[in-house]
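Read the structure below first, then the notes.
The values are calculated or read from the model by the stated rules, or taken from the named source; none is laboratory data. The structure displayed is predicted, hence computed values, not measured ones. Every residue, glycine among them, receives a Cβ derived from its backbone with ideal geometry; neighbour counts consider all protein chains shown. Surface areas here come from the heavy atoms of the whole protein model, side chains and all, with no ligands, DNA or RNA. Shrake-Rupley method; radii C 1.70, N 1.55, O 1.52, S 1.80 Å.
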Amino acid sequence: MLRSLGRDARSASRGIILFARLLAGFSFWVLGTRAASAHVKWFCAYDASGQPRGLENVLCQDFELLLGVALVWFFSGCVVERTFLGELTARALNRVTEGLRLHTEAMIRAVCGFFFISLWAVGGIILTPELKTTSAMVGPLQLAIAAGLLSRRTMPLSAAGIVLLFGLAVRDYGTFHLADYPIFLGIAAYLALTGLQKDLFGVPPLDVVRYATAVTLMWASIEKWAYPEWSFPLLIEHPGITLGFDNEFYMRAAGMVEFTLAFALAWTSLVRRLAAAMLLGMFISACFEFGKLDVIGHSAIIVVLVAILSDNRPSEADYRAPWLAPAGLCAALTVTLFAYYVGHAAIFNTAIL
């Protein structure tokens, strides 16, 4: 029996060492994509109605290689989640994030209040830096949204204000442009549901904003493949970020990393918490690289990622067969690419291929 226990311990030790090495390599790759986490529309010229790269250019050999690597990593993470190592990792996360979990609502309310007060202080912005406005009603509405977050009773009113701002942005910039930001509707839903102490058809408020965040980042990653040239000025200004890769390959890799981690936010408990941790590393490092504009613009998504990282609620629905992970990722990638290119072609009369 002692020999058996010794073999099990050595086997577990080898597994932990192997996983740590793989995770370290992947973390190095993720940290190299921090420039892509800075929303390029905030810093560089762009033309949202312009012709995107054709799908035959996007779906190249590099893309297939990157997708293969992403599928292996995602599947491996789902397998590890159901092992002793996965349990140890979950327990460690629980210990580190317990204090944050207990104050999730207060944390989200405080950061969202900071976000809208910052928008008011800067002035002339609806929701994100590139959504400019001259409307006199936007500033007072942003202050009212922040004030409404002081009490749970008025949180639904703040949620309504966010939806109103989103509607103004759609009116001024169009539906396709605002498809970049469904997270704001997710935050509005979270605030309204939390204030009313309700679920959305059985879906808890935090899960609503989690799904909205996943969709937001999956959609944004397509932009990195469709319009990589928008980011090239940033990469020229910060050449060390590319880790020596050429700009074209770097943008393909950045898009694949972001899409995979974004999809993982909609997956099982430990997988989504680790994905949130990696995305946090990307967004926070981008804040150091690109300054206070990035801090303000990404503060809302950062606090949501912290809430996801801290969320340790058990759920029977979280147990899924690992083989479903690569199938789900491929299906989500296909649907998102199709929706982006077909939607763009329908609205702006651009070519798909």
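A few remarks follow.
- Residues that are of a type outside the set (D, E, K, R), in contact with a Lys or Arg (Cβ under 8 Å, 6 or more places away or on another chain) and open to solvent by less than 20 Å² (accessible area, probe 1.4 Å), drawn from segment 263-282: 264, 265, 268, 282
- Looking at 109, 91, just one residue is free of Cβ contacts under 8 Å to residues at least 24 places away in the same chain and either surrounded by fewer than 20 Cβ atoms within 10 Å (Cβ to Cβ) or part of a helix (DSSP H, G or I) (or both), and that residue is 91.
- Restricted to segment 147-181, and to residues there that are part of a helix (DSSP H, G or I) and charged (D, E, K, R), the residue that is most open to solvent (accessible area, probe 1.4 Å) is 153.
- The condition of being modelled with pLDDT under 95, over 27 Å from residue 125 (Cβ atoms), open to solvent by less than 20 Å² (accessible area, probe 1.4 Å) and not in a loop (DSSP other than H, G, I, E, B) holds for only one of 325, 300, that being 325.
- Residue in segment 58-88 that is nearest to residue 260 (Cα to Cα), counting only those that are open to solvent by less than 40 Å² (accessible area, probe 1.4 Å) and aromatic (Phe, Trp, Tyr): 74
- The set of residues from segment 188-230 being of a type in the set (Gly, Ala, Ser) and touching a Gly at 6+ places or on another chain (Cβ under 7 Å) comprises 212, 221.
- Qualifying residue in segment 234-241 (condition: free of Cβ contacts under 8 Å to residues at least 60 places away in the same chain and under 30 Å from residue 204 (Cα atoms)): no
- When segment 192-207 is filtered for residues that are touching a helix residue (DSSP H, G or I) at 6+ places or on another chain (Cβ under 7 Å) and closer than 14 Å to residue 105 by Cα, the ones remaining, listed by number, are 192, 193, 194, 195, 196, 205, 206.
- Among residues of segment 217-240, those that are more than 14 Å from residue 59 (Cα to Cα), part of a helix (DSSP H, G or I) and not polar (S, T, N, Q), counted: 14
- Verdict on residue 245 being at pLDDT below 90 and surrounded by fewer than 23 Cβ atoms within 10 Å (Cβ to Cβ): yes
- Residue check, residue 334 in a helix (DSSP H, G or I), within 25 Å of residue 79 (Cβ to Cβ) and open to solvent by 50 Å² or more (accessible area, probe 1.4 Å): yes
- Whichever residue in segment 194-238 is among the β-branched types (Val, Ile, Thr) and under 21 Å from the mean Cα position of the chain (by Cα) and, among such residues, is most open to solvent (accessible area, probe 1.4 Å): 215
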